Ligand code: GDP
């Protein structure tokens, strides 16, 4: 029966290949001034960009826009009116910042795009990780206004960290939108200066130049998002005749999806469904799941039955790798279900790990890593206390060959093989579902943080138990 389903899915995806291909996009950027976060001056304009783009594409009606404007003016933040549609919770509205990962979708001529709007503030990096681990491509929004770009780009600034994180989580394509060009009189020199500064850094972060594109925009005025015309675009048109943002989005390539591999869905959110049921949202990393199927919830011994599947606000009979979906589950003990749980077929579960080996790339850290170092381990939407329990070897960054076995410390910018062990929090330590990268790429990526700073990214080699 499963083979028949795969055949059907394959056919449908082929048909989709000729129609609109699904793709998810994480919006990153945001500018951080280390000493103080002064809202309204330090944000790159991600939410404004998305709000305005949705409006131009007809995804936000005039009534909603006008209501947003009224509400944000009432709250004394009129310049945030475009951002209103994405910044959902009242706490976010009061603080004027984007906190959780918001989901929106829109379509271009050839693509159906799900947007994960990742927060730009340092305290919310875990949300950014959760967003980027569900994304295929990134849209990096840069504030071109004088002084702002530099503050976000200097050491410790978030632009660097976000890019490195996104790349470490498997995002290979990026569009760099240079925003707020109205603030710098649409200066071609300013635009080119920023591109020139960013280019080498994108390459160093692992983005291939052919998979990187740059575009000048003015999000608030809606310039060069869907069209580049009219009075507001006049100055930009004096020197720019290139593609619009939507043109570039339309050309993003969805990565290969492995639909024949066993299904894996890390749960990114849980909410109450209809009746006694419970709904979860998450991205299907591999395989196919259909309505009526029983899934195992890991860690734990529970299973659940999929009652309905929702993709892009529509009920569908099945969902294939690459899509973000909402699954309504029945016959389930919700106690077992947590953000970070992984749903998979009972016959082909994900291994559970307390200790595993990983190959990691160490970031630009101040304090070297020694054996026993206490860290936080991030895997999709889950983060758990762990320690770097053994330093197995340092590796050559290019070839991956062992340089030195049993090193005493791991210095910044080096590559290493290490053993990682989960730490207990209270009475017992629960293992987490993890899979070697060689078996399932998306399930095998990890990030390591220490004291609120990401210190390394890596891939799982072997689950030891
Ligand atoms: P986010 O934190 O990156 O989502 O940034 P927001 O979208 O909340 O925008 C931050 C501030 O920048 C708000 O005051 C916006 O009105 C302003 N802003 C956004 N885009 C533009 C633009 O194109 N031009 C100008 N002048 N201001 C902008």
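Every number in this text was worked out from the coordinates using simple rules, so none of it is lab data. No experiment lies behind these values; they were computed from the predicted model shown. All Cβ positions, glycine included, derive from the backbone under ideal geometry; neighbour counts span all protein chains shown.
Structure notes:
- Taking the number of Cβ atoms within 10 Å of each Cβ as an exposure proxy, the fewest-first ranking of 137, 195, 344 is 195, 137, 344.
- Cβ crowding within 10 Å, taken as a proxy for footprinting-reagent exposure, orders 171, 409 from fewest neighbours to most as 409, 171.
- Rounded FRET efficiency, nearest 0.05, which uses the C-beta distance separating residue 260 from residue 399 and R0 of 30 Å: 0.45
- The range 318-390 and the range 155-234 have Cα centres spaced 31 Å apart.
- Each of 356, 201 has some number of other Cβ atoms within 10 Å of its Cβ, and from fewest to most they run 201, 356.
- Where labels lie 7 Å past Cα in the beta-carbon direction, separation of residue 193 and residue 2 in nm: 5.8
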